[in-house]
Amino acid sequence: MSAQLNSDQTLEAFRRDTRAWLEANCPPEMRQPVVDEYDICWGGRRAKFKNDAQRVWLQKMAERGWTVPEWPKQYGGGGLSKDEARVLREEMAALKCRPPLTSFGISMLGPALLKYGNEKQKSEHIPKIVRGEIRWCQGYSEPGAGSDLASLKTRADDHGDHFVVNGSKIWTSYGDKADWIFCLVRTGFTGKKQEGISFVLFDMESPGVTTSPIRLISGYSPFTQTFFDNVKVPKENLLGELNKGWTIAKYLLTHERNMIGGMGTQRVTPLSQLAIKNIGLAAGRLAETALRTDIARFEMDALAFALTMNRVTDEAKAGNETGAMSSMLKYYGTELNKRRAELTMSVTGSEGLKFGDSHSEEQLAAMWLRTKANSIEGGTSEIQLNIIAKNVLRLPGA
Amino acid sequence: MTLVLTDDQLMFRDAAKRFAAERAPVSQLRKLRDDVDPVGFSRDVWKEMAEMGWAGVLVPEEFSGVGFGFVGAGLIAAEIGRNLSSTPLLSSAVLAVTALLRGGTQAQKETLLPAIAGGDLLLAFASDECVRHTPYHVATRCTGKYKLSGRKLHVLDGHIADRLIVSARTSGDIGARDGITLFLVDPKANGVTITRSSMVDSRNSATIDLRDVPVTDADVIGTFDKGAIVLDAVFDAGRAVLSAELLGVAEEAFERTLTYLREREQFGVKIGTFQSLQHRAAHLFCEIELVRSVVLRTLQALDAQEPTASSLVCLAKAKASDVARIATNEAVQMHGGIGMTDEFDIGFFMKRARAAAETFGDQYYHTDRFAQLSGY
Ligand SMILES: Cc1cc2nc3c(=O)[nH]c(=O)nc-3n(C[C@H](O)[C@H](O)[C@H](O)COP(=O)(O)OP(=O)(O)OC[C@H]3O[C@@H](n4cnc5c(N)ncnc54)[C@H](O)[C@@H]3O)c2cc1C
Ligand SMILES: Cc1cc2nc3c(=O)[nH]c(=O)nc-3n(C[C@H](O)[C@H](O)[C@H](O)COP(=O)(O)OP(=O)(O)OC[C@H]3O[C@@H](n4cnc5c(N)ncnc54)[C@H](O)[C@@H]3O)c2cc1C
């Protein structure tokens, strides 16, 4: 009891200090809602800061390791406990602080590096992720290997002290903006397809790497087809063991899925508020009753889902088995996000249909179109249901 | 507060799990139904349940209860749902106890609560007058000082209750929240007619007719004309505990279905290999996980008397009703022909899911109420 009391007091002190520090160091511009892509700071060698505030905010947070609050201090992370990290999140939310840095290094590669990287790889790559110096992209999917990722054909041939990589990846998000790629390559050509895959890291400036942008239905062109023509990759860039990359790939995917699944719970104006504004109330109820029902159902499911995210976190903290929850969170979270976008379009009517390249206004149609990818990227909804059927429900033959 | 059970709660749940499975399983409900049992549950088993702390789960220790709160009541209810145990837990230990705790005088509490907690006294809550739950539609009249006249529907365990708690209109229009008063009524009093209905879920429900039934000031629970304050609390308590029961119903029906999918063969393979069934099962798994979260959070919110507890109650009751409906419907469907037979138990789960959903507001009622509480 007294140990609990003590730690509560320490946590409260941490909260006070954190709030004071955030108030003193988070520039006012960084406390405005994120409106468009340019408000998100991705870092990297060619980082384009929208303004000085964005640059300063990244630098200040990176100095404390708070771009990645829970990563170990030894590699530049914040070294915070889960409770402290939660307090930091809560305080940032209370002051409306934007995330200082968003990157695949943080949400995907970092956890895999920490778990599977050797000392040299960790001390080489992690600090640069923490400080936003290197921007990473993900080279998993290929034209012939999407849901059936393990059938990938991009190959890495052994040339003594290095590999030579040939082949092509597709749907590489920000392939043309990234500095480095974490890439699945085939190194084994006999036996089970999963057992011949390796996980390599290399510089996108290496000779032989080219990208060609692909435009999305939302108008953005955030991804590329990525070609490798005799790309030399030093052997020290192999993460984990040769032909054991599939395990790392799957581990990383759970982090990616948690991230994508969680996107739907980000703070946005509640749909019902938007609906009240556009439609109005009649006798205390939203005037369009059929739409009202769907909005209420959506908001209830969204709240139930948010509570489930909390419960999964609490269970994990208590050391309880939570099963393959990442597939559930990915599936349900992305389907919810699509529902939100569909209803937003209904609520905003002709206003929501406006579609241009002006970056100042809310891009509702573009947002709506972009959400359609949520249930595809990181493994489709159908694939998540397959995983649940197999790994959680233990159904036969799944 | 975290969304995990404490060690004490886990122990309480495990004890409830063992007890319900051993002493009040589905086969007992089947027998009660087949025998057209006049009570509708086993009084002996209820007495044992009382010894386990179930009858007094919400009753504070000063009134001889165990004071395990709504989380405790929900843990029991989930096991009741899994086993379809027939008990007067909801009527007596949840609805009546909540009414007394929220509105009872010290004298009422002292005389009634210990007896309820001991399993020796049964109370029933008689309020609804419409076929669909409409809490403030109270037309039961209260004339003079005082005589009650009206008709109450769907009174759970009404035909075996030792005492009734009855809502009546003491002022205002039918449908108004103000002007409702709650009274303790002796079911044996002149003018009370109780008709037991046989229900699809084989559980107890009665229609109660009141004709000039005399009551006194000492029988008032809560404040005269302001009974809705207590009424709201009683219904929210009932809804939350029913949500937990519906969660248990959904979980058990789902698990039985998964077992069947792993065993039954058609086309030379287990039917669980068919992706159309796998995906529906996987989706249902997600929905049940959501219900787990909202039910626990809601019970915690009621225990802590949080201001937004009513919104959470709507969420829990709507979601649990809907998901239990899907889970039990899918269960029957995926069992094929055998799921349609009375001999097989799965149909009992679908029947209970329907009845529990209809009680104190279904998903439609609570979706509407959720929106209203959210300002739209
Ligand atoms: C916006 C966006 C960003 C992306 N970013 C990246 C990235 O950065 N790096 C990267 O490597 N990849 C990325 N991807 C690729 C993504 O991971 C793949 O698109 C995804 O895995 C699906 O593969 P596919 O497109 O080949 O579809 P397919 O696998 O061809 O699927 C087509 C349809 O068939 C269904 N299907 C397939 N197999 C089954 C099955 N066994 N059972 C039932 N249904 C099935 C699918 O669910 C889908 O509906 C991105 C995709 C998008 C849309
Ligand atoms: C009221 C009633 C009256 C009936 N009357 C007659 C009658 O007069 N004459 C008669 O001959 N029969 C009759 N039947 C039997 C009826 O035709 C069978 O119940 C039905 O064909 C299903 O077979 P099953 O019960 O063996 O279920 P199963 O075949 O065991 O099915 C179990 C579940 O698996 C699913 N499933 C099975 N195979 C697949 C697959 N390949 N892909 C996806 N899902 C699959 C099913 O859809 C079902 O959900 C009757 C049944 C009922 C309920």
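The values are calculated or read from the model by the stated rules, or taken from the named source; none is laboratory data. None of these values were measured; they are calculated from a predicted model. Here the Cβ positions follow ideal geometry from the backbone for every residue, glycine too, while neighbour counts run over all protein chains shown. Just so you know, the surface numbers come from the protein's heavy atoms only, side chains and all, with ligands and any DNA or RNA stripped out. Shrake-Rupley method; radii C 1.70, N 1.55, O 1.52, S 1.80 Å.
Quick look at the numbers
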| quantity | calculated |
| --- | --- |
| Verdict on A:GLU315 being more than 13 Å from B:GLU289 (Cβ to Cβ) and either surrounded by fewer than 21 Cβ atoms within 10 Å (Cβ to Cβ) or within 8 Å of chain B (Cβ to nearest Cβ) (or both) | no |
| Within segment B:1-112, helices (runs of 4 or more DSSP H) holding 3 or more residues that are under 28 Å from B:GLY347 (Cβ atoms) | B:7-23, B:26-34, B:43-51, B:69-83 |
| For A:LEU201: the one exception among (1) touching a His at 6+ places or on another chain (Cβ under 9 Å); (2) without any contact (Cβ under 8 Å) to a residue 40 or more places away in the chain | (2) |
| Residues satisfying the stated conditions in segment B:232-269, i.e. of a type in the set (Asp, Glu), within 14 Å of ligand 2 (Cβ to nearest atom) and part of a helix (DSSP H, G or I) | B:GLU263 |
| Residue in segment A:111-125 that is within 16 Å of ligand 1 (Cβ to nearest atom) and either aliphatic (A, V, I, L, M) or under 23 Å from A:LYS232 (Cβ atoms) (or both) present | yes |
| Residue in segment B:278-296 that is within 13 Å of B:GLU245 (Cα to Cα) and either within 16 Å of ligand 1 (Cβ to nearest atom) or more than 12 Å from chain A (Cβ to nearest Cβ) (or both) present | no |
| Qualifying position, being under 22 Å from A:TYR332 (Cβ atoms), under 27 Å from the mean Cα position of the chain (by Cα) and touching a residue at least 24 places away in the same chain (Cβ under 8 Å), among B:LEU302, B:LEU290 | B:LEU290 |
| Yes/no for B:GLY268 being touching a residue at least 40 places away in the same chain (Cβ under 8 Å) and not hydroxyl-bearing (Ser, Thr, Tyr) | no |
| Candidates B:ALA253, B:ALA237 - the one that is under 24 Å from B:ILE346 (Cα atoms) and in contact with a Ser or Thr (Cβ under 6 Å, 6 or more places away or on another chain) | B:ALA253 |
| Answer residue from segment B:345-368, given it is in a helix (DSSP H, G or I) and either among the aromatic types (Phe, Trp, Tyr) or in contact with a strand residue (DSSP E or B) (Cβ under 6 Å, 6 or more places away or on another chain) (or both) and is nearest to ligand 1 (Cβ to nearest atom) among those | B:PHE349 |
| Identity of the residue in segment B:311-344, open to solvent by 10 Å² or more (accessible area, probe 1.4 Å) and over 24 Å from B:HIS279 (Cα atoms), that ends up nearest to ligand 1 (Cβ to nearest atom) | B:PHE344 |
| Test: residue in segment A:337-352 that is without any contact (Cβ under 8 Å) to a residue 60 or more places away in the chain, within 14 Å of ligand 1 (Cβ to nearest atom), surrounded by fewer than 20 Cβ atoms within 10 Å (Cβ to Cβ) and more than 19 Å from B:GLN275 (Cα to Cα) | yes |
| Conditions (1) surrounded by fewer than 18 Cβ atoms within 10 Å (Cβ to Cβ); (2) facing chain B (nearest Cβ under 7 Å); (3) in a helix (DSSP H, G or I): number failed by A:LEU385 | (1) |
| Of the criteria (1) closer than 30 Å to A:GLY188 by Cα; (2) within 14 Å of chain B (Cβ to nearest Cβ), which one A:LEU271 fails | (1) |
| Residue match in segment B:211-233 (condition: more than 16 Å from ligand 1 (Cβ to nearest atom), without any contact (Cβ under 8 Å) to a residue 60 or more places away in the chain, within 14 Å of another protein chain (Cβ to nearest Cβ) and open to solvent by 50 Å² or more (accessible area, probe 1.4 Å)) | no |
| Matching residues, segment A:56-70, being within 21 Å of the chain's Cα centre (by Cα) and open to solvent by less than 50 Å² (accessible area, probe 1.4 Å) | A:TRP57, A:LEU58, A:MET61, A:ALA62, A:GLY65, A:TRP66, A:THR67, A:VAL68, A:PRO69 |
| Top-ranked residue of segment A:1-34 - restricted to ones that are of a type in the set (Gly, Ala, Ser) and over 21 Å from A:ASN51 (Cβ atoms), ranked as modelled with the lowest pLDDT | A:SER2 |
| Selection status of A:THR289, open to solvent by 20 Å² or more (accessible area, probe 1.4 Å), hydroxyl-bearing (Ser, Thr, Tyr) and modelled with pLDDT of 95 or more | yes |
| B:ALA316 part of a helix (DSSP H, G or I), closer than 30 Å to B:GLY179 by Cα and in the same structural domain as B:THR367 (by TED's automatic domain parsing) | yes |
| Selection status of B:ARG30, surrounded by 17 or more Cβ atoms within 10 Å (Cβ to Cβ) and among the basic types (Lys, Arg) | no |
| Pairs where the first residue, in segment B:238-262, is more than 13 Å from chain A (Cβ to nearest Cβ) and the second is open to solvent by 10 Å² or more (accessible area, probe 1.4 Å) and of a type in the set (Phe, Trp, Tyr), C-beta under 7 Å, 6+ apart | B:GLY238/B:PHE360; B:ARG239/B:PHE360; B:ALA240/B:PHE70; B:LEU242/B:PHE360 |
| Residue ID - most open to solvent (accessible area, probe 1.4 Å), chosen from residues in segment B:168-210 that are touching a Gly at 6+ places or on another chain (Cβ under 8 Å) and among the basic types (Lys, Arg) | B:ARG196 |
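For (1) modelled with pLDDT of 95 or more; (2) touching a Gly at 6+ places or on another chain (Cβ under 7 Å); (3) not polar (S, T, N, Q), each residue gets a yes or a no:
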{"position": "A:ALA316", "(1), (2), (3)": "no, no, yes"}
{"position": "A:GLY319", "(1), (2), (3)": "no, no, yes"}
{"position": "A:LEU343", "(1), (2), (3)": "yes, no, yes"}
{"position": "A:GLU362", "(1), (2), (3)": "no, no, yes"}
{"position": "A:ASN374", "(1), (2), (3)": "no, no, no"}
{"position": "A:GLU382", "(1), (2), (3)": "yes, no, yes"}
